[in-house]
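The values are calculated or read from the model by the stated rules, or taken from the named source; none is laboratory data. These numbers were taken from a predicted model, which means no experiment stands behind them. Cβ atoms come from the backbone with ideal geometry, glycine included; neighbour counts cover every protein chain shown. Please note that ligands, DNA and RNA were not included when accessible areas were found on the heavy atoms of the full protein model with its side chains. Shrake-Rupley method; radii C 1.70, N 1.55, O 1.52, S 1.80 Å.
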Amino acid sequence: MSFAASPSAIMMKTYKGKLPLSVITVIVCAFAFLALLYTQSLTFLSSNYILKSKSCARRGAVVEANDHRTAEENVEILEIDDRFEFDPEECDIGKGKWVFNRSIKPLYTDTSCPYLDRQFSCVKNGRLDFDYHHWEWQPEDCDLPRFNPELALQKLRGKRLLFAGDSLQRNQWESFVCMVEWTIPPEKKSMKRGKVHSVFKAKEYNATIEFYWAPFLIESNTDIDVLDPKKRILKVDSVAKHSKHWEGADILAFNTYVWWMSGLRLKTLWGSFANGDEGYAELDTAVAYQIGLKTWANWIDSTLNPNKTRVFFTTISPIHTRSEEWGKTDGLKCFNETKPVKKLWGSGSDKEMMSVVAGVLKKMKVAVTVVNITQLSEYRVDAHSSIYTETGGRLLNDEEKADPGRHADCIHWCLPGVPDTWNRIFLAHL
């Protein structure tokens, strides 16, 4: 049996001496071409690997292997959606818009969550429009992750999270509790409510989510028993009565604003309340606010170990009591509003007070993460408790509901609602 000789064998038989120069040139060029192709392939793969591994890669920048869209379609996608994954160092969360999406449903309702105050339970209190549940905040240049209750509880495993501040901080605390509690069996959770200090416990996670009532953060004679603002005196040099309850928390989330806005000047005190109304000084509101915040900041800097405790500060929650600021002249405040406005910075968000906060935080030794909710909440004139709330421990009666100019609550928010978005931002920072 004979076999046909291979081309290489024929070549070897024909040319027993040195190969001609032309053949050598062809072989060298062939190897050079193959090497170039190999290098280009590696470069392409490396580029794709970098795109896939960057934490802030643009959405849509990597096309999956099984994606059969044309190159032109993929370029169009890149041009349309070039927002980054959320990065607190890169993303300006305040720049964006509210996008309506009826497919979005809250993680809870005011009937499914047993821990909601009646003050925030708008649907239970008679609100019939539900569109305010379906607006989603979309930052201009990044993606804000959806709230994942299981992830939140894992982050809190073995930890103590404490919200401290006024009723708007309680608004956010109740939102956070309701967003996670439905995933926990009844026998593995508990709630202990108090006038000042309330504690939700996730037993399986050995975690607590707490609220501590301190509307000024510093001490005052109106922390527990609400007095006429004219009789209110602020002890601007001390947080001691409150701070002993904050010690030992792993995560502290603070706010304070709306209670300071009761007038142009506030009665302030250094030392003891024992002297009664004597010994106080009246200060401009912004000045008193600055002194009070510095007292709070000094406690944090001198007491907390930043390696063990994270500190957050939530910015101003807007007040919508002047409907003329968004083009309504009926004097009904936020009543009957059913959609966000597209542009607004109202008088309910005092820029001087915001600059005070920024100045104090900037000089602190302990890093404080700012949860910036002000601008995005400014647009939501539609989402307040309005007339679907309670006052003095009772629901508004029909006569009061008929007079929203006097009785509509345009400070607090319906739940579920805008504070759920605050907690999306808060969890993204965590």
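Bridging of K363 to aspartates and glutamates at a Cα separation below 15 Å is possible for D301, once same-chain residues fewer than 8 apart are set aside.
Restricting the stretch 325-430 to trypsin sites (Lys or Arg not before Pro) that sit in a DSSP loop and have at most 14 other Cβ atoms within 10 Å of their own Cβ leaves K342, K343, K363, K365.
Expressed as cubic angstrom per residue, what is the convex hull volume of the alpha carbon set of the stretch 131-429?
Numbers: hull volume 44.2 nm³, N = 299.
Value for the stretch 131-429: 148 Å³ per residue.
Just so you know, the averaged projected area of the alpha carbon convex hull for the stretch 265-347 sits at 9.8 nm². Note on the stretch 282-430: semi-axes of the ellipsoid equivalent to its C-alpha gyration tensor, largest first and rounded to whole Å, are 33, 17, 16.
Using the beta-carbon distance between E204 and T329 and R0 = 56 Å, what value does 1/(1 + (r/R0)^6) give for FRET efficiency, to the nearest 0.05? Provide the component values of the computation, followed by the final result.
Working: r = 54 Å, r/R0 = 0.96.
With R0 = 56 Å, the Cβ-Cβ based efficiency is 0.55.
Annotation: lysines with alpha-carbon distance below 21 angstrom to K230 (same-chain offsets under eight excluded): K267. With 0.36 nm allotted per residue and the present C-alpha distance subtracted, the E90-R157 stretch has 21.3 nm of extension available. Please list log₁₀ I(q)/I(0) at q = 0.18 Å⁻¹ for the stretch 208-301, using the Debye equation with identical point scatterers on the alpha-carbon positions. For the stretch 208-301 at q = 0.18 Å⁻¹, log10 I(q)/I(0) is -0.80.
Anything over 20 Å Cα to Cα? Flag those among K195/K333; K308/K365; K124/K343; K294/K362, in the order listed.
Values: K195/K333 30 Å; K308/K365 15 Å; K124/K343 30 Å; K294/K362 11 Å.
Exceeds cut-off: K195/K333; K124/K343.
Given their separation in residues at 0.36 nm each and the Cα-Cα distance between them, D228 and E136 gain 29.3 nm when the chain is fully extended.
What's the magnitude of the charge dipole for the stretch 131-429 around its Cα centre, counting Lys and Arg as +1 and Asp and Glu as -1 at the beta-carbon? Answer in Debye, nearest 20. Before the final figure, lay out the partial values.
Details: 39 positive and 39 negative charges, 215 e Å.
It works out to roughly 1040 debye.
For the stretch 229-319, applying the loop criterion from DSSP together with a ceiling of 15 other beta carbons within 10 Å to the GluC sites (Glu not before Pro) yields E247, E278.
From the convex hull of the Cα coordinates of the stretch 362-416, what is the mean projected area in square nanometres? Walk me through the numbers on the way to the answer.
Values: hull surface 25.2 nm².
Mean shadow area of the hull around the Cα atoms is 6.3 nm².
Over the stretch 131-429, what is the percentage of antiparallel beta bridges among all DSSP beta bridges, to the nearest 5? Don't skip to the end; give the middle numbers.
On the way: 20 of 41 bridges.
About 50 percent, rounded to the nearest 5.
Considering only alpha-carbon pairs that sit under 8 angstrom and 6 or more positions apart, the relative contact order computed for the stretch 100-181 is 41 percent.
With Cα atoms defining each centre, the stretch 112-168 and the stretch 386-417 are spaced 20 Å apart in the structure.
On full extension, the segment bounded by R265 and K105 gains 53.2 nm, given 0.36 nm per residue less the C-alpha separation. For the stretch 131-429, carbon and sulfur atoms together expose 48% of the accessible surface, with a 1.4 angstrom probe and every protein chain in place.
Size of the stretch 301-353: Rg and Dmax of its alpha carbons, in Å, are 17.7, 53.
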